[in-house]
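Here the structure is laid out as C-alpha cells; the discussion comes afterwards.
None of the figures in this text is laboratory data; all of them are computed from the coordinates on show. Just so it is clear, the structure is predicted and the values come from calculations on it, not from any experiment. Quick reminder, even Gly has a Cβ in these numbers, built from the backbone with ideal geometry, and neighbours come from all protein chains shown.
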Amino acid sequence: MKDAQPRTIYLKDYRVPDYLVDQTRLHFELQPSGTLVRSELHIRRNPAAGEGLPPLALDGVELELLSVAIDGREVDDQQFRVSPEGLSIDVDRPEFVLEIANRIHPQDNTSLEGLYLSNGMYCTQCEAEGFRKITYYPDRPDVMSRFTTTIVASRDYPVLLSNGNEIDRGDMEDGRHFVTWEDPFAKPAYLFALVAGDLEHVEDSFTTASGREVKLQIFTEARNIGKCDHAMRSLKKAMRWDEEVYGREYDLDIFMIVAVDHFNMGAMENKGLNIFNSACVLASPETATDTAFQRIEAIVAHEYFHNWSGNRVTCRDWFQLSLKEGFTVFRDAEFSADMNSRAVKRIEDVSMLRTAQFAEDAGPMAHPVRPDSYMEISNFYTLTIYEKGAEVVRMIHTLLGEEAFRRGSDLYFERHDGQAVTCEDFVKAMEDANGVDLSQFRRWYSQAGTPVLDISDDFDAASGEYSLTVRQSCPPSPGQVEKEPFHIPLKIALLDSAGKNLPLDTSGATEQVLEVTEAEQTFRFEGVSEKPLPSISRGFSSPVKVRYGYSKEQLLFLMRFESDDFNRWDACQRLAFMAMEALQQDYRAGRDMRLSPELLSAYRSVLQNRELDPSLVAEMLSLPTAQVLAEQTDEIDAEAIVAARNFAEAELARELEEDLLAGYHAFSNDRPYRPEAGDIAERRLKNTCLAYLCVTEKPEYLDLAQAQFDSAGNMTDSAAALATLVDRGSDEQAESALQEFYRCWHADTQVVELWFALQASSSQRGSLDRVRALMQHPAFELKNPNKVRSVIGGFANRNFTQFHRADGKGFEFLAEQVVALDRLNPQVAARLVTPLTRWKRYRAELSEKMHAALQMVMESGELSRDLYEVVSKSLV
Ligand code: 0A1
Ligand code: ZN
C-alpha cells in the first residue's frame, strides 16, 4: 500500500476549518519538462474555529515545493514541515498573504487526478481531492475562495481556459502568451479547472429569463468539431428547463464545455468550465447510437444543473456528497423524462438500480446515502450516493407533491446560496418551507441496505373492506445490524376484475400514496365491492423490494390492464423472472425445460399491441438480463441462469417468429435520422425484433441483419446489426462485419470504443482469448479509462457467460488487469474490481474461485489506498 496504514476518516470527526482563504491567485507556467505553479492565498483565521493560532495545515501530494513566503518574506524551513500528505506552517498572525511556488509533472500523471495531459492537451480533474496534486491548499469543500488564474504557455497551446470570465490576455517577451481568468463566485478547490491546448470550438448563445446574454462554447480537437451540435442543443434545453422547473438562472456571462479523451468519470461540473469525457459529449448520427445521444443529453444537463445544486450551494464535507449528486441526478432524470418517454426513462433507471445498486447495498461496500466513514473518497462515487440518493430526493418529492417540493427547493437555494452545507440542511429546508416533519424520513440518509416490504391483503365481502398489511424489514449491512423502520411512500391503486382503477376515497382519486412508517402496518379501504388486485409501488415510488404473492394469472392480468406503464413493465419482468426460476430448477434437475404457453401468448399480445409506445414494447419484450436474474437470487448459479435465459430467448424467438418479422418491417423506415423519442422508440423495437429473429440463426434473418448493416444510415442501426451478426452469425459473417466496421471507423475514437465493447461483452464471441487479443490491438491503451471500460469492463460487467466460466479464468484475468492498472490509475482499478467483490453471493465452486482471485489482488504487493479499501473490505 502507498500508506503504511490507510486511515479511516469519520463524519463524527468533522471540524470547521482553522483558516479561510478569501482570495486565491494562481499562476501556471505550462512546460513539458515540468509545470511551475505559483499561488498567492489571502488567508484569515476562521472566527468559528476557536482561539489561538494553530499551524496552518495545507494538503499537497506529489508536489515539488520550491518556496514559501508570508506577507512577502520567505519563510525559513524551521517554520514549516513537509510530509507526503501536505505542508504544515507555523503562523504568528490572524491574517496574511501566503505565497507558494511548486513544480508538478503533468506528463507523468496517469491517475488523471490533478493536472494531466490528454492527447497533448492540458486538463484538470480536481473533485474530490485532486487540487492537492496541483498545489498546497486547504483541499476541502467548506473552504470557498474567489479564484483568479493566469495561464502562461507556448503558442502551441493557443487556447488557455479557466473558470469565470477572461479579464486579460497578451504576449510574453519570450514568445509565449498568457490569459487571465477571474471567477467572481467563491468556490471550493474541487471546482477549479484549467485547460490548455490546440482546440477548436463551436459557439452559440442563450438569453436567460431575465434577459442576460450568455455565450456558450464547446471546445474539442479539430477532428471532432462536427460532433458538438447535439451537446449544444442539450445544453440550451437544460438551461431553459432549469429556469422553468426550478426558477434557476445561469450566473456567468460564459459557459464552456471541453471534451477530453482521457477521463476517469463521465464529466465534471467545474464552475463555468465543464470538462467532459469525450464519450459523454461528442455525437453525430453516423457515429453515435441513440443510447449515446440520450446519455449525452442527460450528462450535459446533469453538469449544467450542478451550477446550482453543487456549485452555488456546495457540500460541507465529502460525507455530504449525495447532497449535490442525489439531488442533481433527480433533476437530470426529471429533465430526461420531460424530454423523452417518462416511463422508459424510469424503467431504465430502475433496472440499473435493481441490478447494480441493490447489489452494492447487499455487498461488502454497502454504505448509507450519507456514509459515516471512508478510507478513500473516490470509492464513494457510487450508485448508492448517486442513484439511491436520487431516489431519496424523489421520495421527498412524492411525499410533498410538486408545488411543495418547489417551495422547499426555493428555500434551500435562497437560504444556502454561497454556502457549503449538509444533507440535513436540505431536508430542513423541505420541512421549513412546508411545515412538515421528516424526522423519520432522515433514516434514509443514515441506514444502508435495501428495505424489503412483505405485503399481504384481505378482503371482507360482507363489509366491503379491503386491507393491505405491509411488513418492512432491512437486512444487516456492514456496521449496521439492526435497522429502524423507514418512512416509505408507497403509491398504490386497486384494480377491479375488468382492469379498471377503483376510486379509493370519496374524491374519486384512483391512486394513493400510503405512508409506511411502522414495522408492520395495515391500510384499510372501505366500500370496495369486489376483491381488487393491488397495483403496488407505481412508478417505483420507493427504492425497496416489494414482495406480494402475485400469481401468474394476476401478473398476466396486470400486463394487459395496468394503466401505470412502469408497473405494467414490472409485471412482465416478474412473470419472466418466475418463468426463469422454474427453468433454472429444471436445468439443475436435468429435466426438459419448458416455457408456459400463457407466457408466450402474453408476449405475443404485447408485440402485437400497436397502441403502446414501441420503446415500452421493446422493454417488455426484453428478458431480464443475466445480471438482473443474478441479483434477484440468493445463491447465484451462473450456469443455470445462462441456460435458462438462452432457452427462454430461443423459445420466444421460435414462437413469435412471424410477429417479430412483422414488427421488424412495421418499424423500419427510411426517414432521415433524428434523435427524437418517437424515432428512437421505433428503432429500439425494430432492433429488438431483429436480435430475436437472429436467435433462430436462420440464414434469411442473418441476411436481414447483414442488409441492415450494409445500408444503415445511422450508428444505432449499424451497431445493432453488427451486434446481432457478432452474436448469431457464422464465424465468417461475424469476423468480416467486424473488420469492415473497423476499416470504416478506425479513425473515430468513440466508434472504436463501441467496437471494443461490443466484442468484449458478446456472450458468443467475447471469449477470454478474444479479450486478451483486443488488449493487444493498437487502438487499446491501458492508460485510457474508456478503452479499459470497453474491453475489460465490457467483459467483466456485461459478458456474464464468459466472465463466469467454470474454470475461474475470467476472474483471474480480471484480478491480473486490476493489479496492472492500479499502478497507473487507482480510481479506475478500484472500480473495475467490483464484480469480484460479490463472491459471497455465488454457489461454492465459483465463489471460491472469485475469492481466490480477490486474494491474489490483495497479495500482489503494494496497493493504492483506493484498491486496498475495496479489496480489504470485500475479503472480510
Ligand atoms: N461530480 C461529477 C463526477 C466526478 C467525480 C469525480 C471525478 O474524478 C474523480 C470526476 C467526475 C459528476 O457528478 O458529474
Ligand atoms: Zn454529479
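If r is the Cβ-Cβ distance from residue 585 to residue 93 and R0 is 60 Å, what FRET efficiency results, to the nearest 0.05?
0.20
Work out from phi, with θ = phi - 60° and the Karplus expression 6.51 cos²θ - 1.76 cosθ + 1.60, the ³J(HN,Hα) of each residue of the range 348-361, listed in order in whole Hz, and give x for Gly and Pro.
Once rounded to whole Hz, the list reads 4, 5, 5, 4, 5, 4, 5, 7, 6, 6, 4, 5, 4, 5.
I want to make sure I understand the PRE zone here: with the label point 7 angstrom from the Cα of residue 85 toward its beta carbon, which residues in the range 114-139 have backbone N atoms less than 18 Å away?
Residues 128-139 fall inside that zone.
When only DSSP loop residues count, what trypsin sites (Lys or Arg not before Pro) in the range 102-167 have their Cβ near at most 16 other Cβ atoms within 10 Å? The partial results should precede the final answer.
Details: sites: 103, 132, 133, 146, 155; in loops: 155.
Qualifying residues, ordered by number: 155.
What list do you get for 550, 692, 742 if you sort them by fewest beta carbons within 10 Å?
On the way: 550 19, 692 26, 742 15.
Ordered from fewest to most neighbouring Cβ atoms within 10 Å, 550, 692, 742 come out as 742, 550, 692.
Nearest 0.05, what FRET efficiency do residue 417 and residue 743 give at R0 = 45 Å with Cβ-Cβ as r?
Numbers: r = 54 Å, r/R0 = 1.20.
Rounded to the nearest 0.05, the efficiency is 0.25.
Given N residues in the range 446-586, what is Rg(Cα) / (2.2 N^0.38 Å)? Numbers along the way, then the final one.
Numbers: Rg = 16.0 Å, N = 141, 2.2 N^0.38 = 14.4 Å.
For the range 446-586, the normalised Cα radius of gyration is 1.11.
Amide H of residue 140 versus every other amide H placed in the peptide plane: which residues, excluding those fewer than 5 positions away on the same chain, fall under 5 Å?
When sequence neighbours closer than 5 places are left aside, the close amide H contacts are 189.
Compute the acute angle (0 to 90°) between the alpha-carbon long axis of helix 565-589 and the principal axis of greatest extent of the alpha-carbon atoms of the chain; round to the nearest 10°.
So the inclination is approximately 70 degrees.
If you stretched the chain out fully between residue 876 and residue 524, how much longer would it get, using 0.36 nm times the residue separation minus the C-alpha to C-alpha distance? The partial results should precede the final answer.
On the way: separation 352, 0.36 × 352 = 126.72 nm, distance 4.51 nm.
The residue 876-residue 524 span can extend by a further 122.2 nm.
Can you give the extra length, in nm with one decimal, that the chain gains between residue 670 and residue 462 once fully stretched, where that is 0.36 nm per residue apart less the Cα-Cα distance? Before the final figure, lay out each step's value.
On the way: separation 208, 0.36 × 208 = 74.88 nm, distance 6.03 nm.
Answer, rounded to one decimal: 68.8 nm.
For the range 551-655, report the translational diffusion coefficient in µm²/s to the nearest whole number, using Stokes-Einstein at 37 °C, 0.692 mPa s, and a Kirkwood Rh over Cα pairs. Provide the component values of the computation, followed by the final result.
Details: Rh = 14.1 Å.
Using the Kirkwood radius from Cα pairs, D works out to 234 µm²/s.
Roughly what would the spin-label model give for residue 439 and residue 596, points 7 Å off Cα along C-beta, in nm?
4.7
Hey, what do the phi angles of the range 239-256 turn into as Karplus ³J(HN,Hα) couplings, whole Hz, using 6.51/-1.76/1.60 and θ = phi - 60°, x for Gly and Pro?
Once rounded to whole Hz, the list reads 5, 5, 4, 5, 5, 6, 8, 10, x, 9, 9, 6, 10, 9, 8, 9, 10, 10.
Please report Rg (one decimal) and Dmax (integer) in Å for the Cα set of the chain.
Answer for the chain, Rg first and Dmax second: 28.0, 96 Å.
What whole-number volume per residue, in cubic angstrom, does the convex hull of the C-alpha atoms of the range 9-198 give? All intermediate terms of the calculation are to be shown ahead of the outcome.
Numbers: hull volume 23.9 nm³, N = 190.
In the range 9-198, the Cα convex hull volume per residue is 126 Å³.
Amide H of residue 309: which non-local residues (sequence gap of 5 or more, or other chain) have their own amide H closer than 5 Å, using H built in the peptide plane?
Answer set, sorted by chain and number: none.
If you build the Cα gyration tensor of the range 539-600 and take the root of 5 times each eigenvalue, what three semi-axes come out, in whole angstrom, biggest first?
Numbers: eigenvalues 124, 40, 13 Å².
Over the Cα atoms of the range 539-600, the semi-axes work out to 25, 14, 8 Å.
Under a 5 Å amide H to amide H cut-off, with H placed in plane at 1.01 Å, what residues pair with residue 146 once short-range neighbours are removed?
Counting only residues 5 or more places away or on other chains, the set is 23, 24, 187.
Whole-Hz Karplus ³J(HN,Hα) for the range 771-778, in order, using 6.51 cos²θ - 1.76 cosθ + 1.60 and θ = phi - 60°, x for Gly and Pro?
5, 4, 5, 4, 5, 8, 4, x
Determine the gain in length on full extension of the stretch residue 215-residue 372; use 0.36 nm per residue of separation and subtract their C-alpha separation, reporting nm with one decimal. Can you show the working numbers first?
Working: separation 157, 0.36 × 157 = 56.52 nm, distance 4.14 nm.
Extra length from residue 215 to residue 372 when fully extended: 52.4 nm.
For residue 240 paired with residue 200, estimate the spin-label separation in nm (one decimal), with each label point 7 Å from Cα along the Cα-to-Cβ line.
Placing both labels 7 Å along Cα→Cβ, they lie 2.7 nm apart.
Per DSSP H run of at least 4 residues, take -39500 (n - 2.57); add these up for the chain, divide by its residues and hand me the 222 nm value, nearest 500 deg cm²/dmol. Mind dumping the intermediate values first?
Numbers: 29 runs with 342 residues, N = 876.
Computed mean residue ellipticity for the chain: -12000 deg cm²/dmol.
What angle, in degrees between 0 and 90 and rounded to the nearest 10, separates the Cα long axis of helix 809-822 from the longest principal axis of the Cα atoms of the chain?
For 809-822 against the chain, the angle is about 20 degrees.
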